[in-house]
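Since the structure comes first, as structure tokens, the remarks are kept for the end.
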Amino acid sequence: MDTGEDIARFNRQGYFLCRGLVDPSLCQKMEAEVRQLTETAGDGGDIGNAYVVEESALGDRALPVERLSKLFRVHREVPLFRTMAESDLLLDRVEPILGPGIDCFLSQFIFKYPGALGQPWHQDSLYFPFDRGPQVGVWIAITRAHESNGPLSVLPGSHTEPVHQVIRDKRAHANPGYFEIVDHDMQGAQMVLMAPGDVLFFHSHLMHKSTDNLSSEPRAAMVFHYASGGTRDHSVEKYGRPMSNVDWMPVRRKDSH
């Protein structure tokens, strides 16, 4: 596998897109697994290390899965997602960026049902108080992401920017963790339209956003975040406690590949 062109694109624009990298049938299995975990949690059952975040804008929906915004921390204890987090399919493309030692520290399955809000312009590094960077986000399209169901938009080249100051998202029903960059020109932004199985690899300083889902179709994605092995997490020093959605797990070491 020659990843040279992808890495050159990553260095130049902060991301690269691999079309059809993951089998769509596996995407369907991941979605079914998340639906089952969410139903189990809604019934008061044990889902291990994972936890559910609901979309407050959809609080009137009857079923827990219809209110789901994100399911966090599935990469350690859920075999299907652990296998994906550790897969050569992803790590062979992350290693040229981060080096031979790689940790997965964050996983989130994202559902954006019709009526769900998008996330404003932000950089993931804002949320990662670590001693080194970058980190790499790996965004797997589980369903189609089209113009009206809340796809990602990215600002090519913005990964070279420092982490910008932000303001809190003041919209009604906005996720409490949503902040917005308002001090940068976003001209040149590009919408990333994806089919099931397409995978976006992106730099943690890359400015990106999603829009509200104005369609009748849900948009779903599975996202893993990777860091260099040995990265120190300073969340306790910054926040007074560990981040609740983070779970550090080695996925590749030099002597294991």
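The values are calculated or read from the model by the stated rules, or taken from the named source; none is laboratory data. Just so it is clear, the model here is predicted, and its values are computed rather than measured. Methodologically, a virtual Cβ is constructed for each residue, glycine included, from the backbone with ideal geometry; neighbour enumeration extends over all protein chains shown. Accessible surface areas use protein heavy atoms only, side chains included; no ligands, DNA or RNA. Shrake-Rupley method; radii C 1.70, N 1.55, O 1.52, S 1.80 Å.
Kindly provide log₁₀ I(q)/I(0) values, in the same order as q = 0.14, 0.18 Å⁻¹, from the Debye equation applied to equal alpha-carbon scatterers of the range 1-137.
Calculated log10 I(q)/I(0) at the listed q: -0.81, -1.23.
Out of PHE201, PHE179, PHE111, any idea which swings most in a Gaussian network model of the chain, alpha carbons joined below 10 Å?
Maximum fluctuation in the GNM of the chain, among the listed residues, is at PHE179.
Using helices alone, I'd like the mean residue ellipticity at 222 nm for the chain: each DSSP H run of four-plus residues gives -39500 (n - 2.57), total over residue count, nearest 500.
-6000 deg cm²/dmol
Accessible area per residue for the chain in Å², computed with a 1.4 Å probe and the full protein assembly in place, what is it?
45 Å²
Mind counting lysine pairs for me in the chain? Cα separation below 21 Å, and the two need to be 8 or more apart along the chain or on different chains.
Pairs that pass both the separation and distance tests number 8.
Looking only at Cα atoms, what is the convex hull volume of the range 144-257 per residue, in Å³?
Roughly 166 Å³ of hull volume per residue.
Please report, in cubic angstrom per residue, the volume enclosed by the convex hull of the alpha-carbon atoms of the chain.
Measuring per residue, one finds 129 Å³ for the Cα hull of the chain.
Measuring from the lowest to the highest alpha carbon on each principal axis, how far does the range 88-137 reach, largest first, in angstroms?
Projected onto the principal axes, the Cα atoms of the range 88-137 cover 41, 26, 15 Å.
Let me test this: with uniform point scatterers at the alpha carbons of the range 180-230, what is the Debye-based log₁₀ I(q)/I(0) at q = 0.28 1/Å?
-1.38
Using just the Cα positions, wrap the range 150-200 in a convex hull and report its mean projected area in square nanometres, one decimal place.
It is 5.0 nm².
The range 107-159: percent of C-alpha pairs farther apart than 16 Å?
55 percent
Which percent of Cα pairs goes in each bin when the distances of the range 101-196 are cut into 10 angstrom slices starting at zero?
P(r) over the range 101-196, rounded to whole percents: 12, 41, 40, 6, 0.
Given labels modelled 7 Å from the Cα in the Cβ direction, how far is it in nm from LEU214 to SER148?
Using points 7 Å along Cα→Cβ, the separation is 0.9 nm.
Full extension from ARG253 to GLN28: what is 0.36 nm times the residue separation minus their Cα-Cα distance, to one decimal in nm?
Value of the extension gain: 78.0 nm.
Go ahead and set up a Gaussian network model of the chain, Cα springs under 10 Å, then flag whichever of SER69, SER87, SER125 fluctuates most.
SER87
Of all the accessible heavy-atom surface of the range 67-108, with the other protein chains kept in place and a 1.4 Å probe, what percent is carbon and sulfur?
Percent of accessible area from carbon and sulfur atoms in the range 67-108: 47.
Just the Cα atoms of the range 195-257: what Rg and Dmax do they give in Å?
Reported Rg and Dmax, both Å: 16.3, 48.
How big is the convex hull of the Cα atoms of the range 41-99, per residue, in Å³?
Hull volume normalised by residue count: 112 Å³.
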